[in-house]
Amino acid sequence: MKLKSISVAIAFIFSAAAIADESKEDKIARAKSAAPAAVSDNATVIDTDGTVLQEGSNGWTCLPDTMPGDKAPMCNDETWMKMMAAVGKKEAFVADKIGISYMLQGEPTGSGVSNSSPHHPDHKNSKDYVETGPHVMIIVPKALLKGLSDDPNVGGPYIMWGDTDYAHIMLPVSLDGKQVTTKNSK
């Protein structure tokens with residue numbers, strides 16, 4: 001899948017108006033803050049609407065927001081971008097190799113999701129609402145998820161969206177500060 005078609009697909013994942021008062025430079029800086037410099041320095045940066053803000057050369061794509069205006073930046077490899085495109089189109093996705101996504105800024109308060117479904121109609125009021133501080137997300141073939149908990153309250157890695165084609169490992173990495181917040185941990 002070519003980068004342009006992936007970026008167009010991402011634009012439709014969570015369609016909404018772009019935030020008008022934010023500069024291109026601010027969006028690029030926030031997007032790149034999601035991953036270590038070794039990843040983000042040469043990554044392509046795509047805005048929420050699919051606009052390429054900065055061309056990159058290393059195969060990584062960084063976004064200033066996971067959903068429009070949530071200010072939850074992420075940097076994704078090619079596999080993760082394909083999965084996000086599938087989520088946005090509600091299409092099937094099969095992980096045939098490992099995919100990595102960095103969210104080292106974590107999710108700002110109120111920008112979490114349902115732990116069971118990327119298509120929950122009201123994430124903030126779902127019974128399994130979760131927002132995670134700094135973390136890495138790892139897509140693997142589903143067979144490799146066996147034995148991992150899907151409970152974000154037990155500490156350590158957990159499975160998000162486990163009963164969907166988009167199942168992945170959430171790996172919290174914060175040493176101090178915000179960890180994982182759920183309705184059960186508030």
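The values are calculated or read from the model by the stated rules, or taken from the named source; none is laboratory data. Note that this is a predicted model, so its numbers are computed, not measured. Methodologically, a virtual Cβ is constructed for each residue, glycine included, from the backbone with ideal geometry; neighbour enumeration extends over all protein chains shown. Just so you know, the surface numbers come from the protein's heavy atoms only, side chains and all, with ligands and any DNA or RNA stripped out. Shrake-Rupley method; radii C 1.70, N 1.55, O 1.52, S 1.80 Å.
What the table shows:
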| item | result |
| --- | --- |
| Residue tally, condition open to solvent by 40 Å² or more (accessible area, probe 1.4 Å) and among the small types (Gly, Ala, Ser), over the stretch 36-55 | 2 |
| So Asn58, is it surrounded by fewer than 16 Cβ atoms within 10 Å (Cβ to Cβ), farther than 20 Å from Ile138 by Cβ, of a type outside the set (Val, Ile, Thr) and out of contact with any strand residue (DSSP E or B) (no Cβ under 8 Å at 6 or more places or on another chain) | no |
| Scope the stretch 96-107; condition open to solvent by 60 Å² or more (accessible area, probe 1.4 Å) and either of a type outside the set (D, E, K, R) or modelled with pLDDT under 90 (or both); matching residues | Ile98, Gln105 |
| Residue ID - surrounded by the most Cβ atoms within 10 Å (Cβ to Cβ), chosen from residues in the stretch 61-78 that are within 24 Å of Lys97 (Cβ to Cβ) and hydrophobic (A, V, I, L, M, F, W, C) | Leu63 |
| Scan of the stretch 113-130 for residues that are open to solvent by less than 10 Å² (accessible area, probe 1.4 Å) and charged (D, E, K, R), ordered by number | none |
| Residue list for the stretch 30-51, filter: under 25 Å from Lys97 (Cβ atoms), touching a strand residue (DSSP E or B) at 6+ places or on another chain (Cβ under 7 Å) and not in a helix (DSSP H, G or I) | Ala34, Ala35, Ala43, Thr44, Val45, Ile46 |
| Selection within the stretch 136-152 - open to solvent by 60 Å² or more (accessible area, probe 1.4 Å) and not acidic (Asp, Glu) | Lys142, Ala143, Leu144, Lys146, Gly147, Leu148 |
| Among the residues listed as Val136, Val173, Val154, Val113, the single one being hydrophobic (A, V, I, L, M, F, W, C) and touching a residue at least 60 places away in the same chain (Cβ under 8 Å) | Val173 |
| Qualifying positions in the stretch 128-148 - of a type in the set (A, V, I, L, M, F, W, C) and part of a loop (DSSP other than H, G, I, E, B) | Val140, Leu148 |
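Matching residues to (1) farther than 24 Å from Leu63 by Cβ; (2) loosely packed, with under 13 Cβ neighbours inside 10 Å:
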residue	(1), (2)
Ala92	no, yes
Thr109	no, yes
Pro134	no, no
Val154	yes, yes
Pro157	no, no
Pro172	no, no
Thr181	no, no
